[in-house]
Amino acid sequence: FDSHSHYNDEKFDNDINTIIEETYNDGITRFSCIGFDIAHSIKAINISEKHSFIYATCGISPNDINDYNEDNLKKIEEMAHNEKVVAIGEIGLDYYWNKENREPQLKAFKKQIEIANKLNLPIVIHTRDAVMDTLQVLKENNVVNKGVFHCCPLNRELVKEALKLDFYISFSGVITFKNAKNAEEIINMVPLEKMLIETDSPYLAPEPVRGTRNTPINVKLVAAKIAQARNML
C-alpha cells in the first residue's frame, strides 16, 4: 500500500494508465492519491473514481497557500464528501520554502483540521522546518480521527511527540538516502502498527534509483529498508 503518491502530478500525465497497470501488476495493489491544492485535489478524486484500488485526499498544502480562501475551504469540504476521499491533506506547515507567510499557513492548517473533524476524517500532515509549530497546532487543536505525518522528518522529538498524539508515521525513500544518518534509529522508534510506507512519487525516488522519476513500484524499496533496519529480512 503506497500511502502517499501523486498520480495527479503532471509528470504522470503522458503515461498514467501504463504506470498504474504496471504498479498494480507488480503487487502494489492499493494507493492513496494525495491532493495539495484545489485543482490537484479534483484530479486526485477523478483518478480514484476510475480505479477501485485508488483512494484520494483533498486539501491545500502550505506550499500552495495561494489557494487558501473561504471559497476554496468550502470546495475542500464539498469534495471531502466523496466516498473515495479518505483524508484531508496534505496540509501543514513548511518554513523551508515559505518563510514569509507563516500566519496564512497556520490559519489554513487549523481551518482544515476543523473540516477534518467536522467530517470525522484523518489528516495528512506535511511539515518541513516547522516541527515545533506543527506540534503546537496539533496539541491546541485536537484532531478527532488523527492521521499521518507523511514523509516524516527524521527528527527524534517530532516522532516521539507524534506517537504520543497517536498519529501514524509514514516513511518515504528519504530513509534510503546516504545522508539519512539517523534513519535506522528513527525507524526503530516507531511501532509497526503505527507505521506507513509511501513514495511521494514522482518525487524522492529511493536508492538505488535516486534522481529518477519516482513511481509507486519503488515503495518496495522503502519497505526493504525498514525490514533491514529492524532485522526482519
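Some values worked out for this structure:
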quantity: Cα-Cα over 28 Å, subset of Lys99/Lys160; Lys139/Lys194; Lys84/Lys146; Lys11/Lys118; Lys11/Lys164; Lys146/Lys225; calculated: Lys11/Lys118; Lys11/Lys164
quantity: Proportion of all alpha-carbon pairs of the stretch 167-233 beyond 13 Å (%); calculated: 59 percent
quantity: Under Karplus coefficients 6.51, -1.76 and 1.60, residue-wise ³J(HN,Hα) of the stretch 109-119 in Hz, glycine/proline x; calculated: 4, 5, 5, 6, 5, 4, 4, 4, 5, 4, 9
quantity: Cα gyration tensor, the chain - rounded (a/c under 1.5), prolate or oblate; calculated: oblate
quantity: Cβ-derived FRET efficiency at R0 41 Å, Asp71 paired with Asp15, nearest 0.05; calculated: 0.75
quantity: Heavy-atom accessible area per residue - the chain, 1.4 Å, Å²; calculated: 47 Å²
quantity: Dipole moment magnitude, nearest 20 debye, the stretch 70-147 about Cα centre, only Lys, Arg, Asp, Glu C-beta charged; calculated: 160 debye
quantity: Calculated P(r) tail over 26 Å for the stretch 1-116, as whole % of Cα pairs; calculated: 21 percent
quantity: With every protein chain in place, the chain: carbon and sulfur % of accessible area (1.4 Å); calculated: 49 percent
quantity: For Leu196, residues with placed amide H under 5 Å, excluding near neighbours; calculated: Ile169, Ser170, Phe171
quantity: Qualifying trypsin sites (Lys or Arg not before Pro) for the stretch 1-45 [loop in DSSP, other Cβ within 10 Å: at most 15]; calculated: Arg30
quantity: Simple label model, 7 Å out from Cα along Cβ direction - Glu184 to Asn145, nm; calculated: 3.9 nm
quantity: Reachable aspartates and glutamates from Lys107, criterion Cα separation under 17 angstrom, eight or more residues apart if same chain; calculated: Asp37, Asp64, Asp67, Glu70, Asp71, Glu77, Glu90, Asp94, Asp133, Glu140
quantity: Calculated from backbone phi, Karplus (6.51, -1.76, 1.60) coupling profile of the stretch 167-176 in Hz, x at Gly/Pro; calculated: 8, 7, 10, 10, 9, 10, x, 4, 5, 8
quantity: Table column - 3J(HN,Hα) (Hz), the stretch 3-20, Karplus curve with 6.51, -1.76, 1.60, x for Gly and Pro; calculated: 6, 7, 9, 10, 4, 7, 7, 4, 5, 9, 4, 7, 9, 4, 5, 5, 4, 4
quantity: Those aspartates and glutamates that a straight Cα-Cα span of less than 18 Å connects to Lys50, excepting residues fewer than 8 apart in one chain; calculated: Asp2, Asp9, Glu10, Asp13, Asp15, Glu21, Glu22, Glu83
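The values are calculated or read from the model by the stated rules, or taken from the named source; none is laboratory data. Predicted model, so just to flag it, every value in this text is computed and none were measured. Note that we place each Cβ from the backbone using ideal geometry, even for glycine, and neighbour counts take in every protein chain shown. Side chains included, ligands, DNA and RNA excluded: accessible areas come from the protein's heavy atoms. Shrake-Rupley method; radii C 1.70, N 1.55, O 1.52, S 1.80 Å.
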